[in-house]
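**Student:** First, the structure itself, so that you have it in front of you.
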Amino acid sequence: MVTELGYPAHEAKYLKRQKDGQQEEYVTLPPDKRARSSLEGVRDAYLHKRCGTVTGMREEIIRSYLDSPWLYPPNATFCCGCGRYVPFRHGEWIQTGGDIQSYFNRLHAQKPGLKAWGCSTLVSALPLTRGLILVAAATGGWG
């Protein structure tokens with residue numbers, strides 16, 4: 001567990017940026033709790049309509065949000081072109097041309113028992129070899 005004294009160094013490592021502007025590490029579900037189905041046809045890249053940049057998503061993030069769509073902020077995504085989070089309404093999926101907000105609204109509706117990102121049931125995160133793995137996120141946990 002990350003202690004209060006060790007948190008600033010832990011956070012600095014976690015938020016370190018790659019060349020494309022994305023964080024080095026992101027919160028994800030443990031591998032055994034992520035969606036295991038085929039990702040064929042699953043959206044994995046989006047266009048930020050304001051700057052024209054396409055940003056791709058890592059497989060561990062996709063598999064985590066498919067299982068737990070409330071794990072990430074419910075209305076914003078990172079843009080590699082702008083180097084910051086932008087509203088879903090400013091983006092569209094490369095694969096379908098559909099808007100990101102509608103896609104996540106559908107995912108949220110499929111998992112209504114899960115609470116929104118940042119709620120009090122996000123109880124703990126442990127530092128592991130590759131980033132942070134969320135320990136619990138919903139009433140009763142996952143499973």
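Coordinate-derived values only; no laboratory data. Here the structure is a predicted model, which is why all the values come from computation and not from measurement. All Cβ positions, glycine included, derive from the backbone under ideal geometry; neighbour counts span all protein chains shown.
**Student:** Could you give me the ³J(HN,Hα) list for the stretch 30-40, computed from phi with Karplus coefficients 6.51, -1.76, 1.60 and θ = phi - 60°, whole Hz, x at Gly and Pro?
**Tutor:** Residue by residue, the stretch 30-40 yields x, x, 6, 9, 7, 4, 10, 5, 4, 9, 4 Hz.
**Student:** Report ³J(HN,Hα) in whole Hz for each residue of the stretch 87-92, in order, from the Karplus equation J = 6.51 cos²θ - 1.76 cosθ + 1.60 where θ = phi - 60°; Gly and Pro get x.
**Tutor:** Each residue of the stretch 87-92 in turn: x, 3, 5, 8, x, 9 Hz.
**Student:** Okay, next question. Between ASN105 and GLU24, what's the calculated FRET efficiency when r is the beta-carbon distance and R0 is 35 Å? Round to 0.05. Spell out each step's value before the answer.
**Tutor:** Details: r = 29 Å, r/R0 = 0.84.
So the FRET efficiency works out to roughly 0.75.
**Student:** Go ahead and run the numbers for FRET between ALA9 and VAL54, Cβ-Cβ distance against an R0 of 35 Å, rounding to 0.05.
**Tutor:** Values: r = 33 Å, r/R0 = 0.95.
Once rounded, the FRET efficiency stands at 0.60.
**Student:** Moving on to the next point. Ranked from highest to lowest mean number of other Cβ atoms within 10 Å per residue, what is the order of the peptides 39-48, 62-71? Walk me through the numbers on the way to the answer.
**Tutor:** Numbers: 39-48: 15.2, 62-71: 21.0.
With the highest mean Cβ count within 10 Å placed first, the list reads 62-71, 39-48.
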